[in-house]
1. Can you put Lys151, Lys164 in order of accessible area, largest first, using a 1.4 Å probe?
2. Give me the 1.4 Å probe accessible area per residue for region 50-181, excluding ligands and nucleic acids, in Å².
3. Using the Karplus curve 6.51 cos²θ - 1.76 cosθ + 1.60 with θ = phi - 60°, work out ³J(HN,Hα) for each residue of region 58-63 in order, rounded to whole Hz, and write x for Gly and Pro.
4. Mind ranking Glu87, Glu55 by accessible surface for me, highest first, 1.4 Å probe?
5. From the phi of every residue in region 76-91, what ³J(HN,Hα) in whole Hz does the Karplus formula 6.51 cos²θ - 1.76 cosθ + 1.60 yield, where θ is phi - 60° and glycine or proline is x?
Amino acid sequence: MSRIGKKPIFIPKNVYIKIINDEIIVKGTLGILNQKFKNINLKITDDHLFIRRKENSKISKSLHGLYRVLINNMIIGVSIGFEKKLELIGIGYKAVFIDKYILSLSLGFSHDIFIQVPKEIIIKIQSTKGNNTIIILSSYNKQLLGIFSAKIRSFRKPEPYKGKGVRYFGEEVRRKTGKSV
C-alpha cells in the first residue's frame, strides 16, 4: 500500500464532493474542480474521504498516492486557495495590466511580452520605488497556477552572474564570479 494513499483526506464543512462514475467533482467557496480517475475506489464517511485500490497491478499502485494528492489539492484549493509570488529583479523590469486578462511584462527585451491570463488566476502587482516588483498569483487550481507561474518565469530565468531575471519569491540563485582582470 502507498503510504500517502492510505492517509484519509479531511473534508471541511464548506466543501461538497460528488462522485459520478469515474469522476470526482469538488465544489467550494472559491470554485469548482473535477478530476477523472481509474483503478481506485472512493469512500466518503462523515468528514473524511478514503482512497483504495481496486486491484494490485503496477499501474494501480503508481496512481494510488497520486490521486490522493490530487484530490487533497482540489479540496484545499476550493476552500483556502493557493498563492505563488514572482519577483522581477533588474533595472526597468516591470509588470503592468493592460486589460483585465492581459499582462504586459518589460523584461529588458526590445519589446514587451503580453500574456493572456486564465480567468481562474487572480494577479496582484506590488511595485514600490526602490524595491523589486512582485507579482502575486492566486488561484484555486494548483496545477494551473504552477504552469502559469513557470511560463512567466521562463521568459527571463535568473542568470548566475548578476542575478537578474524572474524568480520565485525567496528563491536562492547560485551566483558565479565573473572574469577577473
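1. Lys151, Lys164
2. 63 Å²
3. Working through the residues one at a time gives 4, 5, 4, 5, 6, 8 Hz.
4. Glu55, Glu87
5. For region 76-91, the Karplus-derived couplings read 5, x, 7, 9, 10, x, 10, 9, 10, 10, 10, 10, 9, 10, x, 6 Hz, x marking Gly and Pro.
The values are calculated or read from the model by the stated rules, or taken from the named source; none is laboratory data. Given the structure is predicted, the values throughout are model-derived calculations rather than measurements. All accessible areas refer to the heavy atoms of the entire protein, side chains included, with ligands and DNA or RNA removed. Shrake-Rupley method; radii C 1.70, N 1.55, O 1.52, S 1.80 Å.
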